[in-house]
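One structure below.
The values are calculated or read from the model by the stated rules, or taken from the named source; none is laboratory data. Quantities reported herein were computed from a predicted structural model and do not represent experimental measurements. Because the Cβ atoms are built from the backbone with ideal geometry, glycine has one as well, and the counts that use them run over all protein chains shown.
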Amino acid sequence: MAIDADEMARDAGAALKSGTEDRLAAMRHSAAHMMAAAVVEVFPDAKLGIGPAIKDGFYYDFDLPRPLTPGDLEQIETKMREQQAADLRFERSEASRSEAVARLERASQPFKVEIINDLPESEGDTVSFYRHGSFEDLCRGGHLETTAGLGAFKLLNTAGAYWRGDETRPMLQRIYGTAWDTQEELDHHLWRLEEAKKRDHRKLGRDLDLFTFHPESPAAPFLHPRGMALWRSLEAWSREVRREAGFDEVRTPSLVRKELWETSGHWGNYQDNMFVLDDYDHVSGLKPMNCPEEILIYKTRSHSYRELPMRFADYSTLFRKERTGVLAGMFRVRQLTQDDSHVFCRDDQVDDELRLALSLVRKQYAPFGFEPRAKLATRPEKRLGSDEFWERAEGRLREKLDEDGMAYTLDPGGGAFYAPKIDIFIEDALGREWQMATIQADYQLPQRFDLEYRSADGGFERPVVIHYAIYGSFERFIGIITEHYTGAFPFWLAPVQVMIVPIADRHIEYGESVRTALADAGLRAEVDDRSERMQLKLRDAQEQKIPIMVVVGDRDAEAGAVSPRLRSRSKGEPSVPLDEFIADLVARDASRELWPVADGE
């Protein structure tokens, strides 16, 4: 699989931005140099790319004479351990750009030469190198004192990586590794990686008949009937949350002429991520986001201060021209649907709308067992507006987070160029952190589109737009929860909630009547009418992670009852009357409780 190197490096920088992992980052960066030294020892003609520390590990890109094998990784890892035992000092030196280029040209390192030649003049005329033992590499720094400081480490795998993420440039070989302070931490991380493989949503999606991907439509999932049932459950919950909060649903077109994107600023700043089409006498783009079109809805008539806030929910399909190298199943797609929210409000209503947004985030995540956390992203170096504006805007967001009680940290400089923001994070069953909603008070789009409302004194004021999507995209959220639950969704979410297993063919008719009764109550059920043994059917239903199985036989049919069992139990429950069974399941479905998700429940 090809990897976008620039995108990965940016992700790595974001992961280490907070400074809390500086020491680990230095260790992992040193490990990358040690790995490169070992690779050059095995392959003397290796051409070196880049080798940063990333979250949980490190990587380095190489142009090598042949594909790497598992045996190569073992040999490289052994040579890294030899360096670790040798206690080699990391030593820094400097050279002028011209001297550095000459040195790297003599060493036949064209990628390093390109890096130097592409450095902006503002970086100065001097570059730095780091040496340990006989190996020297162009590097800004951030290293251990000696190689002996490297903790427990392991090389993991290889992948393809286009040089600088450009699909027209050479394909390099990337080696991934991980490094930790202790063997215990390394072992836990390796366990987590193995567990993540078992939970891979792409495999589970196929095995559980939820969704698949096909080359005929790259990076766009094909939702099967069961996958669509999961989608609809998520969508119904999102709509219920919005409806109770006073949102009105809208729908906007997918194909929009470029003039709208020019006004919004997307044409100048986001065009590379848009699918652009020649729409006869106009140039149009498939929309990557909904906000400019909802602004058009707002602009279709005049508004009074009494009408505000106006809350719109939009579930339209969006399109983003993502690079091939960054696509990752449901996590990064080119066609997506958000549970989008846009609120048009007066400036004096912003505080209440921010409170509402945070409360809706908590409410919508609650049935999944997620406890949201936040980062307050503050003013970037390049920004619009006065310091007074930023002080006030950041203070409002901080105050709302404090009022809500949501745990949060600061992300200095992480705000948009026009306003600070609140980024919402959740943690899954493996302890992985996912960024989800972003809550933003936008003062710029209302200005760009000249939005207004008539104020109480008869004049005109400009509204503020609050943006947020709580799931983010349905596709990505489905990928996250598929891995979080390992496909064993709680009852209210399960695509098939009940599998009915007739003991013999003569019980199929009664099984169908049970399915009809469940469906009439709004529950999702199927009948396994295959001519197979009952135990095989039950085992297949468990493997499909269906929450409830009911066995129906002669006594059940005569009594109008069912014999249920949970997917987490090997034995069935006592027979219960059908109406009581349905009433219990309807109540559990409506409560959206986390049931059954653990063994023994």
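For every residue, the table says whether it meets (1) in contact with a Ser or Thr (Cβ under 7 Å, 6 or more places away or on another chain); (2) buried (at least 17 other Cβ atoms within 10 Å of the Cβ).
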residue	(1), (2)
Arg92	yes, no
Ser96	yes, no
Pro110	no, no
Val127	no, yes
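Matching residues to (1) crowded, with 19+ Cβ neighbours inside 10 Å; (2) among the basic types (Lys, Arg); (3) in a strand (DSSP E or B):
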{"position": "Gly227", "(1), (2), (3)": "yes, no, no"}
{"position": "Trp237", "(1), (2), (3)": "yes, no, no"}
{"position": "Arg242", "(1), (2), (3)": "yes, yes, no"}
{"position": "Val256", "(1), (2), (3)": "yes, no, yes"}
{"position": "Glu259", "(1), (2), (3)": "no, no, no"}
{"position": "Gly268", "(1), (2), (3)": "no, no, no"}
{"position": "Asp272", "(1), (2), (3)": "no, no, no"}
{"position": "Glu294", "(1), (2), (3)": "yes, no, no"}
> Glu167: more than 21 Å from the chain's Cα centre (by Cα), in contact (Cβ under 8 Å) with a residue 60 or more places away in the chain, exposed (fewer than 13 other Cβ atoms within 10 Å of the Cβ) and not assigned by TED's automatic domain parsing to the domain that holds Gln335, yes or no?
Replying inline: yes
>> From the list Ala196, Ala161, Ala179, exactly one residue is among the small types (Gly, Ala, Ser) and either surrounded by fewer than 17 Cβ atoms within 10 Å (Cβ to Cβ) or assigned to a loop (DSSP other than H, G, I, E, B) (or both). Which is it?
In response: Ala196
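For segment 521-562, give me the residue count where each residue is farther than 18 Å from Gln497 by Cα and out of contact with any His (no Cβ under 9 Å at 6 or more places or on another chain).
At the first step, the residues of segment 521-562 found to be farther than 18 Å from Gln497 by Cα are 530-536, 553-560.
Adding the requirement that they be out of contact with any His (no Cβ under 9 Å at 6 or more places or on another chain) leaves 530-536, 555, 558-560.
Here the count works out to 11.
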> Do you know which residues across segment 546-567 are basic (Lys, Arg) and modelled with pLDDT of 95 or more?
Replying inline: none
> Here are some residues: Arg257, Arg306, Arg311, Arg320. Which one is without any contact (Cβ under 8 Å) to a residue 12 or more places away in the chain and either under 30 Å from Trp231 (Cα atoms) or basic (Lys, Arg) (or both)?
Replying inline: Arg306
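Here's the yes/no breakdown for (1) farther than 20 Å from Ser591 by Cα; (2) not acidic (Asp, Glu):
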{"residue": "Phe491", "(1), (2)": "no, yes"}
{"residue": "Asp505", "(1), (2)": "yes, no"}
{"residue": "Thr516", "(1), (2)": "yes, yes"}
{"residue": "Asp528", "(1), (2)": "yes, no"}
{"residue": "Ser531", "(1), (2)": "yes, yes"}
{"residue": "Leu536", "(1), (2)": "yes, yes"}
{"residue": "Val552", "(1), (2)": "yes, yes"}
{"residue": "Ala561", "(1), (2)": "yes, yes"}
{"residue": "Arg569", "(1), (2)": "yes, yes"}
> Do you know which residues across segment 404-447 are touching a Phe, Trp or Tyr at 6+ places or on another chain (Cβ under 6 Å) and of a type outside the set (Asp, Glu)?
Replying inline: Ile426, Gln435, Ala437, Ile439, Gln444
> Among the residues of segment 440-448, is there at least one that is in the same structural domain as Arg555 (by TED's automatic domain parsing), surrounded by 16 or more Cβ atoms within 10 Å (Cβ to Cβ) and in a strand (DSSP E or B)?
Replying inline: no
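Select from segment 112-133 the residues that are of a type in the set (Ser, Thr, Tyr) and free of Cβ contacts under 8 Å to residues at least 60 places away in the same chain and list them in ascending order.
Here is the first cut: in segment 112-133, the ones of a type in the set (Ser, Thr, Tyr) are 122, 126, 128, 130.
Answer for segment 112-133, where residues must be of a type in the set (Ser, Thr, Tyr) and free of Cβ contacts under 8 Å to residues at least 60 places away in the same chain: Ser122, Thr126, Ser128.
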>> Restricting to segment 320-362, name every residue that is modelled with pLDDT of 95 or more, outside any strand (DSSP E or B) and either touching a Gly at 6+ places or on another chain (Cβ under 8 Å) or farther than 21 Å from Asp404 by Cα (or both).
In response: Arg346
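Listed residues Glu403, Glu371, Glu394; which is in contact with a Leu (Cβ under 8 Å, 6 or more places away or on another chain), of a type in the set (Asp, Glu) and either farther than 22 Å from Asn269 by Cβ or modelled with pLDDT under 90 (or both)? Show your work before the answer.
Numbers: Glu403 fails: in contact with a Leu (Cβ under 8 Å, 6 or more places away or on another chain); Glu371 fails: in contact with a Leu (Cβ under 8 Å, 6 or more places away or on another chain).
Only one candidate qualifies: Glu394.
Where in segment 366-438 are the strands (runs of 3 or more DSSP E), entirely inside, with at least 2 residues that are in contact with a helix residue (DSSP H, G or I) (Cβ under 7 Å, 6 or more places away or on another chain) and either surrounded by 15 or more Cβ atoms within 10 Å (Cβ to Cβ) or without any contact (Cβ under 8 Å) to a residue 12 or more places away in the chain (or both)?
Numbers: elements: 373-377, 408-411, 421-427.
Correct list: 373-377, 421-427.
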